[in-house]
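The structure under discussion appears below in the form of structure tokens.
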There are 2 protein chains.
Amino acid sequence: MKIGFIGLGNMGGPMAANLVKAGHAVAGFDLAAPMPEGVAKAATAAEAAQGADVVITMLPNGAILRAVADQVIPAMAAGAVFCDCSTVDVESARAAAAQAQAAGLGALDAPVSGGVGGASAGTLTFMVGGDATAFDKVKPLFDVMGQKAVHCGQAGAGQAAKICNNMILGATMIATCEAFALADKLGLDRARMFDVVSTSSGYSWSMNAYCPAPGVGPQSPADNGYRPGFAAELMLKDLRLSQQAAEAVDADTPMGELAAALYARFVEDEDGKGKDFSAMLPRFEARHRKG
Amino acid sequence: MKIGFIGLGNMGGPMAANLVKAGHAVAGFDLAAPMPEGVAKAATAAEAAQGADVVITMLPNGAILRAVADQVIPAMAAGAVFCDCSTVDVESARAAAAQAQAAGLGALDAPVSGGVGGASAGTLTFMVGGDATAFDKVKPLFDVMGQKAVHCGQAGAGQAAKICNNMILGATMIATCEAFALADKLGLDRARMFDVVSTSSGYSWSMNAYCPAPGVGPQSPADNGYRPGFAAELMLKDLRLSQQAAEAVDADTPMGELAAALYARFVEDEDGKGKDFSAMLPRFEARHRKG
């Protein structure tokens, strides 16, 4: 396929490279990042989009997505698909999709999980909103860039699934970390704590697959000095998107709200910036109640 | 073995009945509950304990445990084991264990998970604190009353493991419920939400094994009108024990604190009493932000 790719940073770069390796023709545009090998550099976003079957965007936020959509959508050929893989607010995702559909294009919001490692290895998970025809058309590309693509529903459903998942994740990780710190102070050995919780009703991805305690459970960023992995500031971004969405639809999400506040404090006022989001455990270890 | 069993209510009754079925001689005492078939009724707690190899207690709270320990421990034979299966505060568990050890007895704190259903079916999980000799002695009884017994460490470690697990569980369940309610309002289908989260980084026992959304995921109390299961007021009890322990050791547990506050409001001011703890989902469905 002929693909336009806008946004070739830490995530977009390796995703585009995997498309090239699979034999697709990729024209790329980025304000700053270098082109991966085999990606034809376009002078503008619109030029990258011209004649493409699918335009993929991987951008930092909803405002930039809207600006890029304004440039790219008029340049696209009728019947092509505008596929945004950024993690952005649900409203921006829906606005971009509506704009694309009004221009006779297919549209998908397809945020990913799996991070830079998953982007390089081609093992991302795509959570996809949009109509089935567009999903089926882009599915072979998702299969190249990732190992799983779930069609979640209509426009915005991909973003909704991602922020709901990550809101649960953020709250559960903090709960797991504070429980480890409490267990420490109660004299409960961490290996025993892991044995009990990972096989009982407290189990979760945070405990079982990404255990925040070094030397316990599977290999995780905790075993690598809490280098990300999934950075605390990216978790904060997703939690803020969840709270923005909750505000917009008048939903009550007290755990998500508290998780956002705790990650904001961790990243902005404490020393969480640049650390994995599981580094909440040493934070709770070091800190006293109400600290 | 010769067993004294103090506290034969909803949990203790079926646990004692399973010991009788396995061929053990059980003398029971309860202020109110009837004796299960085959349990010899004692006139006092002390009488039930006399000559027993193991005394098992299943009581509502730490104050009652301390009162029963005062009566029972002086009546026990040297070398016997005092095994408390109640869920109580860590300090009361340690006080009872210290009192038993000072009297030349073995001592275990062995709270359970699995509820009344697990007690009847003999499928409880025991989280056990105390020395290895006492654990080994009582292990055959745990195997009759349950399917798993984890030795978590010294006195109090069983209670610590249970409250840490259930603190994670309470916070994760609320996060899962509020995320479902947010997903609804964002137009994300619940079956899709389950498909994504249960196989992604938001997975947990609350989502995967006990899904709070009716008709989605495995059979759970949600599919039975939110009849417990694990009642919201019992979750509240455990969350309060976790906060009592956190206060005692100066640990910071903000998610546990919020979960305790939300379950307190649900049980005491709203209509949560008598419902399963997963009935937080209809609560969030019905309620607007800041409600």
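The values are calculated or read from the model by the stated rules, or taken from the named source; none is laboratory data. Nothing here was measured: the structure is a model prediction, and the numbers come from that model. Cβ: placed from backbone, ideal geometry, glycine included. Neighbour counts: every protein chain shown. Accessible surface areas use protein heavy atoms only, side chains included; no ligands, DNA or RNA. Shrake-Rupley method; radii C 1.70, N 1.55, O 1.52, S 1.80 Å.
Would you mind getting the accessible area per residue of chain A, heavy atoms of the protein chains only, 1.4 Å probe, in Å²?
35 Å²
Using modelled backbone amide H atoms (1.01 Å from N, in-plane), which distant-in-sequence or interchain residues come within less than 5 Å of B:V81's amide H?
The list, which skips near neighbours in sequence, is B:V54, B:V55, B:G106.
Using θ = phi - 60° and the Karplus relation 6.51 cos²θ - 1.76 cosθ + 1.60, list the HN-Hα couplings for segment B:109-122 in order, rounded to whole Hz, with x at every Gly or Pro.
9, 9, x, 10, 10, x, x, 5, x, x, 5, 5, 7, x
Once both axes come from the Cα atoms, what is the angle between helix A:157-185 and the longest principal axis of chain A, in degrees from 0 to 90, rounded to 10?
20 degrees
Which pairs, out of A:K148/A:K273; A:K2/A:K162; A:K185/A:K275; A:K21/A:K139, put more than 21 Å between their alpha-carbon atoms?
A:K148/A:K273; A:K2/A:K162; A:K185/A:K275, as the Cα separations exceed 21 Å there.
Where does helix B:254-268 land angle-wise versus the long Cα axis of chain B, in degrees 0 to 90, nearest 10?
Its long axis makes an angle of about 90 degrees.
Which distances in nm, rounded to one decimal and ordered from shortest, link the label point of B:K2 to the equivalent label points in the other identical copies, with labels set 7 Å from Cα toward Cβ?
In ascending order, 9.2 nm.
I'd like the Karplus ³J(HN,Hα) series for segment A:51-68: coefficients 6.51, -1.76, 1.60, θ = phi - 60°, whole numbers in Hz, and an x wherever there's a Gly or Pro.
With coefficients 6.51, -1.76 and 1.60, one gets x, 6, 6, 9, 10, 10, 10, 9, 10, x, 7, x, 5, 5, 4, 4, 5, 5 Hz.
Taking the protein assembly as shown on its own, what percent of its Cα-Cα pair distances exceed 41 Å?
When all Cα pairs of the protein assembly as shown are counted, 32 percent exceed 41 Å.
With the calculation restricted to Cα positions, what are the radius of gyration and Dmax of segment B:2-154 in angstrom?
Answer for segment B:2-154, Rg first and Dmax second: 13.4, 36 Å.
Nearest to the axis that maps chain A onto chain B: list the chain A residue whose Cβ wins, with the distance in whole angstrom.
Residue with the nearest Cβ, plus whole-Å distance, for chain A: A:S204, 2.
With contacts defined as alpha carbon pairs under 8 Å and 6 or more residues apart, what's the relative contact order of segment B:148-227 in percent?
In percent, rounded to a whole number, it is 18.
Where the accessible area of the protein assembly as shown is counted over protein heavy atoms with a 1.4 Å probe, how much of it, in %, is carbon and sulfur?
After summing per-atom areas, the C and S share lands at 54 percent.
Copy-to-copy spacing for B:E37, label 7 Å out on the Cα-to-C-beta vector, in nm, shortest first?
Result, one decimal in nm: 7.7.
In terms of modelled amide H atoms, which long-range or inter-chain residues lie less than 5 Å from the amide H of A:F5?
Counting only residues 5 or more places away or on other chains, the set is A:A27, A:G28, A:F29, A:I56.
How big is the A-B contact in terms of buried accessible area, both chains counted, 1.4 Å probe, rounded to the nearest 100 Å²?
Between A and B, the summed buried area is about 5900 Å².
What percent does the relative contact order of segment B:2-154 come to when contacts are Cα pairs within less than 8 Å and at least six residues apart?
With pairs under 8 Å counted, the relative contact order is 19 percent.
Taking a label point 7 Å from Cα toward Cβ, how far is A:A121 from its twins in the other copies, in nm, shortest first?
3.6
May I ask for the angle, rounded to the nearest 10°, between helix A:232-249 and the longest principal axis of chain A, with both axes built from Cα atoms and the value confined to 0 to 90°?
The angle comes out at about 70 degrees.
Could you work out the relative contact order of chain B, using alpha carbon pairs under 8 angstrom and six or more residues apart, expressed as a whole percent?
Rounded, it is 12 percent for chain B.
Go through segment A:29-41 residue by residue and turn each phi into a ³J(HN,Hα) via Karplus (6.51, -1.76, 1.60, θ = phi - 60°); whole Hz please, and just put x for glycine and proline.
Going residue by residue, I get 9, 8, 5, 9, 5, x, 6, x, 3, x, 8, 6, 7 Hz, with x marking Gly and Pro.
If one computes the Cα centroid of segment A:222-268 and of segment A:74-135, what distance in Å separates the two points?
For segment A:222-268 versus segment A:74-135, the Cα centre distance is 23 Å.
Would you please give the residues with an amide H less than 5 Å from that of B:A149, counting only those at least 5 places away or on a separate chain, with H modeled from the backbone geometry?
B:F126
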